[in-house]
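K.L.:
Sharing a structure, written as structure tokens. Questions coming.
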Amino acid sequence: MRIAMIGTGYVGLVSGACLSEFGHEVICVDKDSAKIAALNKGQIPIFEPGLEDVVATNVKAKRLAFSQDLESAVPKADAIFIAVGTPSRRGDGHADLSYVFAAAEEIARGLDGYTVVVTKSTVPVGTSRKVEEILRQARPDAEFDVASNPEFLREGSAIEDFRRPDRVVVGTESDRAKAVMKEVYRPLYLNETPILFTSRETSELIKYAANAFLATKITFINEIADICEKVNADVQDVARAIGLDGRIGGKFLHAGPGFGGSCFPKDTLALLKTSQQVGAPARIVDAVVAVNDARKARMAEKIAAALGEVQGKCIAVLGLTFKPNTDDMRDAPSLTILPALQAKGAQIRAYDPEGMDEARKHLDITFCKDAYQAVSGADAIVILTEWNEFRALDLNRIKALMKAPVMIDLRNIYRPAQMADAGFTYVSVGRRSVSPKH
Ligand code: UDX
């Protein structure tokens, strides 16, 4: 089966590479000539564990190629995936569909023989139908169907998520398109992955409902964490105990500084827009967005409170990306928290294993070569992202390097008793704060 993937961003690149691993012949197309040139040299523009290997293996096997030439990729393809960006439109929160529609216009020109055009980008309900209208208008003669096939990839484990998904959702009511999509995902059928065929509108909404629900779960436990702090309870025990109830489930109950990333903030806003447009209020999602935004801002206050006076203090920040195993800084809590601390007069020294190149574009702080350099002379450490390498720091060495042994752990990667024993003042999320034992 021949597949064209339009857009080599995060989703396009991972999906294209993994589909080639399934045995299909995949061409990934992008307008960005520098990106295509780099990919052709084996350089991967994002940090995603395992991606470089999958790309290299499949390029070598001649199943995966990169090109700028959409016009020649389209006629040969049995399935064309649209995986271009759908950023939040500045000002109104609507998903910006201009790239999706521009891709559809270009695809239309090249259609040749029966083709399934698939919207892979996260798009508001009704978009696949609009893509169909664009194609139909431009090419009344062409034989095609438009299907929706949302992705559920998590950054940092996207390759694994693609190979072993919980489910695959395909929105199409055409039997011919269903047959093509079944062939695309044939290796997953063999693994007995549930593949759900729905209408296109349902498929598009599933993606938003899944992300909004997960964002709600996180926000819920974050508010429970705030209550825990007031009543001297432990949020980790609460999360574990409620999570053991099969109706609730233990995942996505980790309290922290608020969710970020390329999906939850954007998709919750886009779902709110849809709900307003159709006159079906989504008050829970509305509250989730507001609570999460306020939380990020409030984390700077929490850090300030632990320090007493912020003016003139040096704060070592460990982790800048929105989560570990990615270099993605989109909507990272650090982008709200650090400027707020700087505005209060703090000096920031930071280290992130993969995110510093991205972070440099957004933050005017001192970047350090590792955690130990960052903490040297600091009045406090703030753990903002739970990278594995921060879970086992040499606490004695750190204490000796710091001006004062204070840690604000916004990811709860250490235990209060352990930190008190190690001689730290330790403040975390939804758990009791402790002072040094000696
Ligand atoms: C998410 C969805 O999980 C994925 O299915 C979808 O396709 C894209 O959006 P991603 O943004 O890569 O994936 O990261 P995820 O692991 O879901 O984390 C999102 C945010 O929530 C991060 O900021 C993370 O720190 C936060 N989070 C997650 C918590 O604060 N607590 C949790 O328990 C889980």
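The values are calculated or read from the model by the stated rules, or taken from the named source; none is laboratory data. Only a predicted model underlies this, so the values are computations on that prediction, with no experimental measurement involved. Cβ atoms come from the backbone with ideal geometry, glycine included; neighbour counts cover every protein chain shown. Surface areas here come from the heavy atoms of the whole protein model, side chains and all, with no ligands, DNA or RNA. Shrake-Rupley method; radii C 1.70, N 1.55, O 1.52, S 1.80 Å.
K.L.:
Translational diffusion coefficient of the chain at 20 °C, 1.002 mPa s, Stokes-Einstein with Kirkwood Rh over Cα pairs, in µm²/s as a whole number.
P.N.:
Details: Rh = 23.4 Å.
Translational diffusion coefficient: 92 µm²/s.
K.L.:
Can you spot the lysines whose alpha carbon is less than 26 Å from Lys130's alpha carbon? Ignore those fewer than 8 places along the same chain.
P.N.:
Lys31, Lys76, Lys120, Lys178, Lys182, Lys207, Lys266, Lys273
K.L.:
When only the heavy atoms of the protein chains count and the probe is 1.4 Å, how do His24, His254, His438 rank by accessible area, highest first? Don't skip to the end; give the middle numbers.
P.N.:
On the way: His24 10, His254 95, His438 145 Å².
Ranked list, largest accessible area first: His438, His254, His24.
K.L.:
So for region 114-234, considering every pair of alpha-carbon atoms, how many percent are separated by more than 21 Å?
P.N.:
Working: 3622 of 7260 pairs.
The proportion of pairs with Cα distances above 21 Å equals 50 percent.
K.L.:
I would also like to ask the following. Hand me the GluC sites (Glu not before Pro) from region 309-413 located in a DSSP loop with no more than 13 other Cβ atoms within 10 Å, in residue order please.
P.N.:
Numbers: sites: Glu309, Glu354, Glu358, Glu386, Glu389; in loops: Glu309, Glu354, Glu386.
For GluC sites (Glu not before Pro) across region 309-413 that sit outside H, G, I, E and B with at most 13 neighbouring Cβ atoms in 10 Å, the list reads Glu309.
K.L.:
Follow-up. May I have the extent of the alpha carbons of region 330-415 along their three principal axes, as whole Å values ordered from largest to smallest?
P.N.:
Largest first, region 330-415 extends 33, 27, 23 Å along its Cα principal axes.
K.L.:
Determine ³J(HN,Hα), in whole Hz, for all residues of region 170-182 in sequence, where each value follows from phi through the Karplus function 6.51 cos²θ - 1.76 cosθ + 1.60 and θ = phi - 60°; x replaces Gly and Pro.
P.N.:
10, x, 6, 10, 8, 5, 5, 5, 4, 4, 5, 5, 5
K.L.:
I want the antiparallel fraction of DSSP beta bridges within the chain, as a percent rounded to 5.
P.N.:
Working: 3 of 46 bridges.
Counting only bridges with both partners in the chain, antiparallel ones make up about 5 percent.
K.L.:
Along its three principal axes, how long is region 234-289 when you only count alpha carbons? Whole Å, largest extent first please.
P.N.:
Principal extents (largest minus smallest coordinate, Cα): 40, 24, 16 Å.
K.L.:
How much accessible surface does Arg164 have with a 1.4 Å probe, in Å² rounded to 10?
P.N.:
Its heavy atoms expose roughly 150 Å² to the probe.
K.L.:
Using the heavy atoms of the protein chains alone and a 1.4 angstrom probe, what is the accessible area of the chain per residue in square angstrom? Spell out each step's value before the answer.
P.N.:
Details: 19480 Å² over 438 residues.
I get 44 Å² per residue for the chain.
K.L.:
Moving on. Place the peptides 342-349, 114-121 in order of packing, highest mean first, counting for every residue the other Cβ atoms within 10 Å and averaging per peptide. Mind showing how you got there, number by number?
P.N.:
Numbers: 342-349: 17.1, 114-121: 25.1.
Top of the packing list down: 114-121, 342-349.
K.L.:
Which whole-angstrom value gives the distance between the alpha carbon centres of region 286-321 and region 200-217?
P.N.:
29 Å
K.L.:
Another question, then. Quick check on the chain: helices-only [θ] at 222 nm, where DSSP H runs of length 4 and up contribute -39,500 (n - 2.57) each and the sum goes over total residues. Nearest 500, please.
P.N.:
Numbers: 18 runs with 198 residues, N = 438.
The per-residue figure over the chain is -13500 deg cm²/dmol.
K.L.:
Go through Cys263, Val289, Pro75 and say which Cα lies farthest out towards the positive end of the charge dipole of the chain; charges sit on Cβ, +1 for Lys and Arg, -1 for Asp and Glu.
P.N.:
Val289
K.L.:
Helix 200-231 versus the longest principal axis of the chain: what angle, 0 to 90°, nearest 10, using Cα atoms?
P.N.:
Taking the Cα atoms of the chain, the angle to 200-231 is about 10 degrees.
K.L.:
Sort 177-190, 99-112 for me by packing, meaning the mean count of neighbouring Cβ atoms within 10 Å per residue, highest on top.
P.N.:
Working: 177-190: 16.5, 99-112: 18.9.
Per-residue mean Cβ counts within 10 Å order the peptides as 99-112, 177-190.
K.L.:
Okay, next question. Using Cα-Cα distances under 8 Å and only pairs 6 or more residues apart, what relative contact order does the chain have, in percent? Intermediate results must be reported in sequence, preceding the final value.
P.N.:
Details: 873 pairs, mean separation 49.8, N = 438.
Answer for the chain is 11 percent.
K.L.:
Order these peptides, 153-159, 191-197, by their mean beta-carbon neighbour count within 10 angstrom, highest first. If you can, show how the numbers build up before the last one.
P.N.:
Details: 153-159: 19.6, 191-197: 12.6.
Final packing ranking: 153-159, 191-197.
K.L.:
Another question about this same structure. With all protein chains present, calculate the accessible area of Ile6 using a 1.4 Å probe and round the result to the nearest 10 Å².
P.N.:
10 Å²
K.L.:
OK, next. Obtain the radius of gyration and the Kirkwood radius of region 241-332 from its C-alpha atoms and give Rg over Rh. Let's see the in-between values first.
P.N.:
Numbers: Rg = 16.8 Å, Rh = 15.9 Å.
Using Cα coordinates only, the ratio equals 1.06.
K.L.:
Could you look at the chain and say what percent of its accessible area is carbon and sulfur, using a 1.4 Å probe and all protein chains?
P.N.:
Percent of accessible area from carbon and sulfur atoms in the chain: 51.
K.L.:
Using only the heavy atoms of the protein chains and a 1.4 Å probe, how would Ile218, Ile284 rank by accessible area, largest first? Walk me through the numbers before you get to the answer.
P.N.:
Numbers: Ile218 25, Ile284 115 Å².
Of Ile218, Ile284, the descending order of accessible area is Ile284, Ile218.
K.L.:
At a threshold of 8 angstrom on Cα-Cα distance, excluding pairs fewer than six apart, so keeping six or more, what relative contact order does region 298-427 reach in percent?
P.N.:
Dividing the mean separation by the residue count of region 298-427 yields 26 percent.
K.L.:
For Lys369 and Arg397, what does the FRET efficiency come to when R0 = 25 Å and r is the distance between their Cβ atoms, rounded to the nearest 0.05? Provide the component values of the computation, followed by the final result.
P.N.:
Values: r = 15 Å, r/R0 = 0.61.
Efficiency computed from Cβ-Cβ geometry: 0.95.
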